1. Quick one: accessible area per residue over the chain, 1.4 Å probe, rounded to a whole number of Å²?
2. In debye, nearest 20: dipole of the chain around its Cα centre with unit charges on the Cβ of K, R (+) and D, E (-)?
3. For the stretch 110-115, in order, what is each residue's ³J(HN,Hα) by Karplus, 6.51 cos²θ - 1.76 cosθ + 1.60 with θ = phi - 60°, in whole Hz (x at glycine and Pro)?
4. Which percent of the accessible area of the stretch 160-200 is formed by carbon and sulfur heavy atoms (probe 1.4 angstrom)?
5. In sequence order, what are the phi-derived ³J(HN,Hα) couplings for the stretch 11-17 according to the Karplus relation 6.51 cos²θ - 1.76 cosθ + 1.60 with θ = phi - 60°, rounded to whole Hz, with x for glycine and proline?
6. How big is the dipole moment of the stretch 160-200 about its Cα centre under a simple scheme where the beta carbon of each Lys and Arg is +1, that of each Asp and Glu is -1, and everything else is neutral? Debye, nearest 20, please.
7. With an 8 Å cut-off on Cα pairs and a minimum separation of 6 or more residues, tell me the relative contact order of the stretch 1-136 in percent.
8. Treat each spin label as a single point 7 Å out from the Cα along the C-beta direction, and report the V109 to D27 distance in nm.
Amino acid sequence: MSTYRWNTNEAARAYDAAAPVIHPLYDEVQWRILELLAPVASGSESFLLVDLGGGSGRLVEKVLQRFANARVVLVDQSPAFLAIAAERLARFGGRFELVEKRLQDDWAVELPAAPQAIVSTSAIHHLVADEKRQLYAKCCAALAPGGWLINGDEFRPAEDAEFLARLKRWDAHMKSAIADGRISASFQATFDHWHERNIRDFGAPHKSGDDCQETAEVQEQYLRDAGFIDVETPWQQEMWGTLIGHKA
Ligand SMILES: C[S@@+](CC[C@H](N)C(=O)[O-])C[C@H]1O[C@@H](n2cnc3c(N)ncnc32)[C@H](O)[C@@H]1O
């Protein structure tokens, strides 16, 4: 069986070093999540947040910097990404925990208390539809009353032609960024596999771990079915957006 692409040290280091180039709206998504979190964080003395698929801890670092009352649990299945997160977050010792688990596993059992917020960026689209639905149900069950789920992720448009056009624009962006060195050449193999699965084989069935983007509208319904209220997608641009829901 081949190694899941996020689990090699090379892919994790290359992604971490160039994340805001690889994902052209990376900083914007994170900024939007921090703004959404501000009223949630200010409403509680101690603010517990979970980052699902939190990778190398770039968003968690910003949360811990901005909200002095925040504690964070970062869940990720990749030891390679978690090792980078441990380095990045070392100065916040005592305010974070790293949990090596799949989003499909029972990560909620690791939480010290019910969180006020669960966030995720660029991770949940790796789950197939049923896994997303189960994950959202798990999130709703785990959250404290009044808590928020915010997923800053990749979403596809409903029409295939527009989806392929957006994928091709990102493909062109990646090719030029690797060619001019803004992204390390060590990311080439990860990108080549992405290209094969998403452009060359566009429309082929996807399995768990692939890029399984679904529309925001479909996932809004998953959130409602999971028990969330006030579900909406307040921002979307190209392949990215923020999907949010509120636990009553
Ligand atoms: C593109 S990276 C994004 C990392 C981080 N959220 C960020 O925005 O910088 C995708 C992350 O999702 C994690 N991931 C993918 N599938 C996962 C799963 N089924 N369970 C847990 N983590 C997963 C990977 O290990 C990786 O750290």
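The values are calculated or read from the model by the stated rules, or taken from the named source; none is laboratory data. Worth saying up front: this structure is predicted, and the values here are computed from it rather than measured. All Cβ positions, even for glycine, are placed from backbone atoms using ideal geometry, and neighbour counts span all protein chains on display. Just so you know, the surface numbers come from the protein's heavy atoms only, side chains and all, with ligands and any DNA or RNA stripped out. Shrake-Rupley method; radii C 1.70, N 1.55, O 1.52, S 1.80 Å.
1. Ligands and nucleic acids excluded, the figure is 43 Å² per residue.
2. Result for the chain is approximately 520 debye, rounded to the nearest 20.
3. These are the phi-based 3J(HN,Hα) values: 7, 7, x, 6, 6, x Hz.
4. Numbers: 1180 of 2140 Å².
On the stretch 160-200, the fraction of accessible area on carbon and sulfur atoms equals 55 percent.
5. 5, 5, 5, 5, 5, 4, 5
6. 60
7. In percent, rounded to a whole number, it is 26.
8. If labels sit at V109 and D27, their model points lie 4.2 nm apart.
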